[in-house]
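Right, one structure below, let's go through it.
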Amino acid sequence: MTRRSIIYPAFIISGVAGLMYEALWGRYLGLYVGHSAYAQVLVLGVYLGGMSIGALSVGERSKSLSSPLMWYARVEAALAVFGILFHPIFVGMLDLSYDVVFPALGSAGGVGAVRWGLAGLVIMPQAILLGTTFPLMAAGLVRADQSRPGRGVATVYLLNTLGGAAGVLIAGFWLIDRVGLPGTSVAAALLNLSAAALVWFAVRGQTPASADASAGLGTSEDEVERLAHAPESGTNHGGESGDASAPSWASPRLASVLLTVSFLTAMASFAYEIGWIRMLSLVLGSATHSFELMVSAFVLGLAAGAW
């Protein structure tokens, strides 16, 4: 069995667990704020916002990590801890809110603001951790196969996204009805632990400097040696500086344009998601299942597009 055959299933399992949490949070926060449709909007916002924070926090740091995949396993283990503790934390927040905080506020506006703030805060840590997973797995795979860095990342993105499309349906249409919200949260946590164990097993026993490069994902010792002695990217074979040989499109102005377009595209995608939830609820008669079906279809579409 190759290392790849161990690591790739871990990323599928991670995707299943990640979207199971999103379905769960919609149910939990609907109970807390008293409005499932608005709770779903909050979940989408915090989920994507937290993932952005997590990705930003480790994006540059992943370059200096000796073994990004080992850090990925640690993050999956931390997600498992949060998954196991989420229900007790939620119940504690519920009791504290209605027994202490809300009576002390004395105004409907204050109660509403605190309620929505706490609802977002209780899921933010997990959302941030989820955001760190893809940069870490991508860094490990790129480092492992530097001759074709995009191949492993594209494959992982596809597998992880397919797992997510399945996970939200498994949780929303089957698992919650059978084991309840607490049981589903623990089930997702066990999947996180499984993913962590698989990746740990794949990279264990390797020295930190070579763990990812020797995980069986495609880089030979000769290739590593060649890359280590290759000319620096800032100069070409004629001794000219990197700025002189940089492609014309690699300009700060174009980068700003592309980032702006990406930001606006994300806003449009989010608006589509909200609209689709409302339209599907008219057909299905259930805002909860409409949310889960929309998320699964949206993520499945992302996977098909990436493939």
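Taken together, the values in this text are just the output of simple stated rules run on the coordinates, not laboratory data. Not measured: the values here are computed from a predicted model. Positions of Cβ are backbone-derived with ideal geometry, glycine not excepted, and every protein chain shown enters the neighbour counts.
Placing unit charges on the Cβ atoms only, positive for Lys and Arg and negative for Asp and Glu, gives the range 3-220 a dipole magnitude near 620 debye about its Cα centre.
Can you find, among 120, 83, 94, the residue farthest towards the positive end of the dipole of the range 1-146? Put +1 on the C-beta of Lys and Arg, -1 on that of Asp and Glu. Result: 83, furthest along the dipole toward the positive end. Note down the net charge around residue 44, summing +1 for each Lys or Arg and -1 for each Asp or Glu among other residues with Cβ under 9 Å from its Cβ. Cβ neighbours under 9 Å give a net charge of -2. Compactness check for the range 3-220: Cα Rg over 2.2 N^0.38 Å is 1.10.
Computed extension length for residue 60-residue 91: 7.5 nm, one decimal, from 0.36 nm per residue of separation with the Cα-Cα distance subtracted. Peptides 77-83, 47-53, 130-136, 287-293 ranked from most to least packed by the mean count of surrounding Cβ atoms within 10 Å: 130-136, 287-293, 77-83, 47-53.
Gap in Å between the Cα centre of the range 116-131 and the Cα centre of the range 1-69? Computed from Cα coordinates, the inter-centre distance equals 10 Å. Summarising the overall dimensions of the range 25-70 from its C-alpha atoms, the Rg and Dmax are 15.7, 46 angstrom.
Taking other Cβ atoms within 10 Å as a rough exposure proxy, 76, 273, 60 sort from fewest to most as 60, 273, 76. Using the average count of surrounding beta-carbon atoms within 10 Å as a protection proxy, the listed peptides 96-103, 84-91, 64-71, 18-25 rank, highest first, as 18-25, 64-71, 84-91, 96-103.
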